[in-house]
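Notes follow the structure.
The values are calculated or read from the model by the stated rules, or taken from the named source; none is laboratory data. None of these values were measured; they are calculated from a predicted model. Counting neighbours? That spans all protein chains shown, and the Cβs are built from the backbone with ideal geometry, glycine included. With ligands, DNA and RNA removed, areas are computed over all heavy atoms of the protein, side chains included. Shrake-Rupley method; radii C 1.70, N 1.55, O 1.52, S 1.80 Å.
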Amino acid sequence: MRTNVVLNDELVNEAFRYSRAIATKRELIEVALKEYVDNRKRKNIKELRGNIQFRENYDYKAMRK
């Protein structure tokens with residue numbers, strides 16, 4: 001879909017500083033939209049309360065090593 005938008009130049013430049021591999025504004029906007037959608041798809045951690053059950057012998061400290 002082709003569209004024209006006015007972007008905040010300072011915000012765009014800051015986004016380019018955080019994204020090393022991105023070369024064009026089009027690519028920057030595409031990555032930003034993908035990240036936005038991915039973030040919205042993730043379940044709120046509060047919604048998961050009580051739905052996750054760990055094995056009785058699960059040792060979370062062992063995974064830290």
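The figures follow:
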read-out	value
Gyration tensor verdict on the chain (Cα atoms; rounded if a/c is under 1.5, prolate if a/b is larger than b/c, oblate otherwise)	prolate
Accessible-area value, I29, 1.4 Å probe, nucleic acids and ligands omitted, Å²	70
Heavy-atom accessible area per residue - the stretch 1-41, 1.4 Å, Å²	103
Accessible-area value, Y58, 1.4 Å probe, nucleic acids and ligands omitted, Å²	80
Given charges at beta-carbon only (K, R positive; D, E negative), |dipole| of the stretch 8-48 in Debye	280
Accessible-area value, V31, 1.4 Å probe, nucleic acids and ligands omitted, Å²	50
Fraction of accessible area attributable to carbon and sulfur, the chain (%, probe 1.4 Å)	50
Phi to ³J(HN,Hα) by Karplus 6.51 cos²θ - 1.76 cosθ + 1.60 over the stretch 29-46, Hz, x for Gly, Pro	5, 4, 4, 4, 5, 4, 5, 4, 5, 4, 5, 6, 6, 5, 6, 5, 4, 5
N44 paired with M63, simple spin-label distance in nm, labels 7 Å along Cα-to-beta-carbon	2.4
